[in-house]
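First the structure, in the form of structure tokens, and then the observations on it.
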Amino acid sequence: MAAKPLHPATLAAQALGWIDEQTGAVVLPVHTATTFLRDPDNQYRRGRGYGRADNATYDQPEALITALEEGAASLLFASGMAAAAAVFHSLPAGSHIVAPRVMYWALRRWLAAQADDGRLAADFVDMTSLDALRAATVPGHTRLVWIETPANPLWSITDIAAAAEIAHAAGALVAVDSTAATPVLTRPLSLGADIVMHSATKYLNGHSDVIAGSLTTARKDEFWQRIVMARSGDGAILGSFEAYLLLRGMRTLYPRVERACRSAMKIAETLAANPRVLEVLYPGLPRFPGHTVAARQMQGGFGGMLSIRVKGGEAAAIATAARVEIWKRATSLGGVESLLEHRASIEGAGSPVPPDLLRLSVGIEDPDDLIADLETALG
Ligand SMILES: Cc1ncc(COP(=O)(O)O)c(C=O)c1O
């Protein structure tokens, strides 16, 4: 009888159960070597030559991400931005790509700059509309459709399976920024995506002490080989100690995300009834526009990210942010501590974010403490 496959929570908690063969240690060492011994006949039969391309400390975190994402291989990068840039750098120059109008702002800005410089041709569309995606995706011309779901900071939902069908029918690849969903809640490759990207800085690491990124591929094909070359060629590699910290963080990914989801739902429901709140944006709320799709493609929760729109406009939102004590006024997301941010101040001109919006990243504190702090700050 075949053994029942282990639940991904077990794989994560035990970091795939690897032990150090020589010592029996249940935590693998941090390899700091930048160079590796050649065989006497000048070969590298052990598979590693130089630290920019090969890092033994990456093996376990990359294998764990691959297992959690149900992919064929993964690569770590120095940041989420470096991971995303490697995908776009691996496309032929001038390629047409379709990306969401609402997405992580720094990547959208970077893509727009690439388009301005003629390195890419980019169309930014409403990715919640499959018709808008279909209209922008040109058969035989579009090379890649970039999806982020739930998308920062309005948490708009894209139907990955339907979008992948549209993209593939046009001959385009699909890459998904799944940072907010995490592999705990969504596995984009099993829904038809070709590549999944994480800002591992966020939930995968989970402790606001490492900047890192990852890509996972559905197939080790020619495009993936180009990405492997791009990481080594562009040199955007993660340090060994950061790779070790990332693995350490991923061991608690499941309990952290499960708790953040439960707390976020409670916070969303409570704030939706607060008279000082104009609107709560959270995919878990039944009246949220993307709720039905989210319920289908997110399993076990709707994530730890939500946004609120504060009655009274920008000034009221900033004043609310000024009054929180337990929530920390800081950018980023996905850490054990709850963060709150006035997003329009960060994104500046051209941002699709309403000026009265506060983005909340729910950590693992007691949810009632978080709610009490917010309700006091709202006044
Ligand atoms: C959804 C999303 N994608 C990508 C990034 C970029 O990742 P990094 O900051 O690790 O470069 C971020 C960072 O905030 C993000 O929130």
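The values are calculated or read from the model by the stated rules, or taken from the named source; none is laboratory data. Note that the structure is predicted; figures quoted are calculated from it, not measured. Glycine also receives a Cβ, built like all others from the backbone with ideal geometry; neighbour counts cover every protein chain displayed. Just so you know, the surface numbers come from the protein's heavy atoms only, side chains and all, with ligands and any DNA or RNA stripped out. Shrake-Rupley method; radii C 1.70, N 1.55, O 1.52, S 1.80 Å.
Across the chain, Cα-Cα pairs farther apart than 33 Å form 31% of the total. Only Lys, Arg, Asp and Glu carry charge here, each on its Cβ (+1 for the first two, -1 for the last two); on that basis segment 226-354 has a dipole of about 300 debye about its Cα centre. Computed from point charges on the beta carbon alone (+1 for Lys and Arg, -1 for Asp and Glu), the dipole magnitude for the chain about its Cα centre is near 180 Debye. When the P(r) of segment 206-276 is calculated, the portion above 19 Å amounts to 59% of the C-alpha pairs.
Residues His7, His96, His31 ordered from highest to lowest accessible area at a 1.4 Å probe: His7, His31, His96. The residues of segment 222-336 expose on average 46 square angstrom of accessible surface per residue, using a 1.4 Å probe on protein heavy atoms. In segment 169-314, Cα pairs under 8 Å separated by at least six residues give a relative contact order of 23 percent. Along the axis of the charge dipole computed for the chain (Cβ charges of +1 for Lys and Arg, -1 for Asp and Glu, origin at the Cα centre), the listed residues Gly312, Asn55, Ala73 are led at the positive end by Ala73. Under a Gaussian network description of the chain, with springs only between Cα atoms under 10 Å, the residue in Val210, Val362, Val324 that fluctuates furthest is Val324. Simple rule: put +1 on each Lys or Arg Cβ and -1 on each Asp or Glu Cβ in the chain, find the dipole, and look at Ala169, Thr252, Val324; the Cα lying farthest toward the positive end is Ala169. According to the square roots a ≥ b ≥ c of the eigenvalues of the Cα gyration tensor, what is the shape class of segment 1-91, taking rounded for a/c under 1.5, prolate for a/b larger than b/c otherwise, and oblate for the remainder? Cα axes put segment 1-91 in the oblate bin. About its Cα centre, segment 111-218 has a charge dipole of approximately 220 debye under the convention of +1 per Lys or Arg Cβ and -1 per Asp or Glu Cβ, with nothing else charged.
For segment 141-190, the percent of C-alpha pairs falling in each 5 Å distance bin, counted from 0 to the bin holding the largest distance, reads 5, 22, 31, 23, 13, 6, 0. Could you tell me the ratio Rg/Rh of segment 137-278? Both radii from Cα atoms, Rh via Kirkwood. In segment 137-278, Rg relative to Rh is 1.03. Remark: the Cα gyration tensor places segment 285-379 in the oblate category, a/c being 1.5 or greater and a/b not exceeding b/c.
Taking every alpha-carbon pair under 8 Å whose residues sit at least 6 apart, the chain reaches a relative contact order of 16 percent. Convex hull volume of the Cα atoms of segment 126-217, normalised per residue: 88 Å³. Computed over segment 1-139, relative contact order equals 15 percent, with contacts defined as Cα pairs under 8 Å that lie 6+ residues apart.
Measuring between their Cα centroids, segment 1-41 and segment 130-171 lie 36 Å from each other.
Please compute the modelled spin-label separation between Val27 and Ser345, points set 7 Å along Cα→Cβ, answer in nm with one decimal. With each label placed 7 Å out from Cα toward Cβ, I get 3.7 nm. Remark: spin-label model distance Ala72-Ile19 equals 3.4 nm, labels positioned 7 Å along the Cα→Cβ axis.
Of the two radii for segment 328-374, the radius of gyration is 1.03 times the Kirkwood radius, both from the alpha carbons; that is the Rg over Rh value. Bridging of Lys202 to lysines at a Cα separation below 30 Å is possible for Lys220, Lys266, Lys311, Lys328, once same-chain residues fewer than 8 apart are set aside. Top mean-square fluctuation among Ala264, Ala67, Ala273, Gaussian network model of the chain, C-alpha springs under 10 Å? In this elastic network of the chain, the residue with the biggest mean-square fluctuation among Ala264, Ala67, Ala273 is Ala273.
Kindly provide log₁₀ I(q)/I(0) values, in the same order as q = 0.10, 0.17, 0.18 Å⁻¹, from the Debye equation applied to equal alpha-carbon scatterers of segment 73-180. The Debye formula, applied to the Cα set alone, gives -0.24, -0.75, -0.84.
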